[in-house]
Amino acid sequence: MKKLLTIAILFLASANVFADTRNLDSLKSQLQLTKNDSLKGGIYQAIATQYLQYDTIKHSGVKRYYQDEALNYTMLALHNYSYYDDTLGMRTCFDYLSKVYQSQGKLAQAKWFVLQSNKISRDRKDIDGIVNSLVRLSSVKMSNKDYKLAMRDLNEALVLSTKNKLTKLEALVQKNYAYLYNRMGDTEKGDLASKRASELNDQVLTEDQLRSTAMAATPDTAKVKVVLKKKVAVSTTAKKMNKLNAAKRYASL
């Protein structure tokens, strides 16, 4: 009976990740067929991305397996990216590793990897990347109850996001302020931060809708070019016909 119950649990857990399994099989087949070593890093990363969806898995054994496989394939991708000096690929791998280690409660490792991601973003002067890594760093520090240090990271992230008018990222920062204040027991400030995050997200949504409406109202450039070409062609043909008719009239005289 116990064995049947275990099988049933595993079946339900596997049913939740059936679509992922098909994607994984396809990616692993692609990996075996890839001979160019420089292309393998992206495939390793894609496989790791599938395994990173462990948050949707309820069964602890299956979730742990997905986490371990995510670490395994991310490390393979990291070594490949490092060999070819692909810093963006390396940064993504550092983000993946930080996520898994934080999920496993290995906060020292999680912090180290997110710091590597942050360094790459700073070296590249990538403001979006810096803000994202600061938010992740604050999350790791919250997990470790280093609330003052987490606040410092969020403060820097807020300055960068507001200064550079990155509304979507500012909303993310405010959302994490809410998490932090609630953990510190200051629910009033937590509610204010949560409200501000919602306002910013609404602003982003409105701006996206206005942008989409404007794009829909703008004539398709390619279609306009085709119409103009047709008009030019008709005009040219008409001119030629007029010249030909004029020549015929002169000839008849």
Taking every pair of alpha-carbon atoms in the range 126-225, what share in percent sits in each 10 Å bin, from 0 to the bin with the longest distance? 16, 38, 24, 12, 7, 3, 0
Quick one: if you stick a label point 7 Å off each Cα along the C-beta vector at Tyr83 and Asp68, how many nm between them? 2.5 nm
Rounded to the nearest 20 debye, what is the charge dipole size of the range 126-225 about its Cα centre when +1 sits on each Lys and Arg Cβ and -1 on each Asp and Glu Cβ? 140 debye
Computed FRET value (nearest 0.05) for Met215 with Thr167, which takes r as the C-beta separation and R₀ as 25 Å: 0.85
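From the Cα trace of the range 72-127, what convex hull volume per residue do you get, rounded to a whole Å³? Could the numbers behind the result be given before it?
Numbers: hull volume 3.7 nm³, N = 56.
Normalising the Cα hull of the range 72-127 by residue number yields 67 Å³.
No lab work stands behind these numbers, since they all come straight from the coordinates. Worth saying up front: this structure is predicted, and the values here are computed from it rather than measured. Cβ coordinates were reconstructed from backbone atoms using ideal geometry, including for glycine residues, and neighbour counts include every protein chain displayed.
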